[in-house]
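The values are calculated or read from the model by the stated rules, or taken from the named source; none is laboratory data. Values in this document were obtained by computation on a predicted structure and should not be read as measured data. FYI the Cβ positions are ideal-geometry reconstructions off the backbone, even for glycines, and counts take in every protein chain you see. The accessibility values were calculated without ligands, DNA or RNA, using every heavy atom of the protein model including side chains. Shrake-Rupley method; radii C 1.70, N 1.55, O 1.52, S 1.80 Å.
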Amino acid sequence: MRYLVLSDLHSNHEATRAVVGAVPPGGFEGVVVLGDWVGYGASPNEVVDLVRKLQPCAAIRGNHDKVVAGIDSGEEFNRIAREAALINRRLLSRENLGFLEALPRGPLRVADSFHIAHGTPLDEDEYLVEAWEAAAVFEAAEFSLCFFGHTHLPGAFVLRNGKVTLLQPERPQAILNLEPGARYLINPGSVGQPRDQDPRAAYALYDAQSRQVVFQRVPYAVHETRSRMLEAGLPAILGERLQFGI
Ligand code: ZN
């Protein structure tokens, strides 16, 4: 089974559309979504509708989904993120708000084969950035492969022979063959708000049979996204950062 792995779409319709359009028909059989469908961007309904049409086989919520859906107050958000969450909430249809509200918390086990989480398999809101943090997660949670998001930074933490290494994908594409016996925490990067100084939308493809992960990037019309965000009354900085991937 081949999976399309999507994370941190953040109401960016142009980026989500580019990702879906970049994968050839028949290029995947299942879609998994690691959370943060909405927040920051101007097109929450378009993104939720488009991804729901793909009929994900597994999907979880992210911290922005919780705030937009009203499950979390967003107290810990900065002013700009909170403002964007309120605008997203106003834009969303009742139906899509209900969908976000009902999204389960990670981690989730997918097809007896791997896990998905938003922050980490231990805490949906935790940021996993450093190898020592990944080491603590490997120690405390049971899984052999977990896809996660939240940091918007593509990469893989590998636990091999008791040592954790961080692999950062080369651009524009990097192939990681999973080794038997090793354990993995893999971040596909963010579809809608990349933060690794590459503005292109990021996603991953995972082939569970050949045990291969491909990190992918695809360009999209960032200027269009920016104008839609300004029209929606979102803080200008949120559109500006998309041009730089920061
Ligand atoms: Zn996010």
Quiz item: Using a ≥ b ≥ c from the Cα gyration tensor of the stretch 76-151 (square roots of the eigenvalues), is it rounded, prolate or oblate, where a/c under 1.5 gives rounded and otherwise the larger of a/b and b/c decides, a/b for prolate?
Solution: oblate
Self-check item: Dipole magnitude of the stretch 2-243 about its Cα centre (Cβ charges: Lys, Arg +1; Asp, Glu -1), debye to nearest 20
Solution: 460
Practice problem: Springs between alpha-carbon atoms under 10 Å, Gaussian network over the chain: tell me which of Gly39, Gly98, Gly162 tops the mean-square fluctuations. | Solution: Gly162
Quiz item: Size of the stretch 107-175 along its principal axes in angstrom, Cα-based, largest extent first?
Solution: 29, 25, 23
Quiz prompt | Interchain or long-range residues, amide H under 5 Å from His115's placed H | solution = Val110, Leu145, Cys146, Phe147
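Just the number, please: Stokes-Einstein D of the stretch 133-246 in µm²/s, Kirkwood Rh from C-alpha pairs, 25 °C, 0.890 mPa s.
It comes out at roughly 160 µm²/s.
In what sequence, largest accessible area first, do Glu130, Glu46 appear using a 1.4 Å probe?
So, going from the largest accessible area down, we get Glu130, Glu46.
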Exercise. With the full set of protein chains in place, find how many percent of the accessible area of the chain is carbon and sulfur; take the probe as 1.4 Å.
Key: 49
Exercise. Using only Cα positions of the stretch 139-190, each an equal point scatterer, no hydration layer, compute I(q)/I(0) via Debye at q = 0.25 Å⁻¹ and quote the log10 values to two decimals.
Key: -1.06
Quiz item: In Å, what Rg and Dmax follow from the Cα atoms of the stretch 2-243?
Solution: 16.7, 52
Quiz prompt | Alpha carbon Rg of the stretch 24-117, scaled by the compact-globule rule 2.2 N^0.38 Å | solution = 1.12
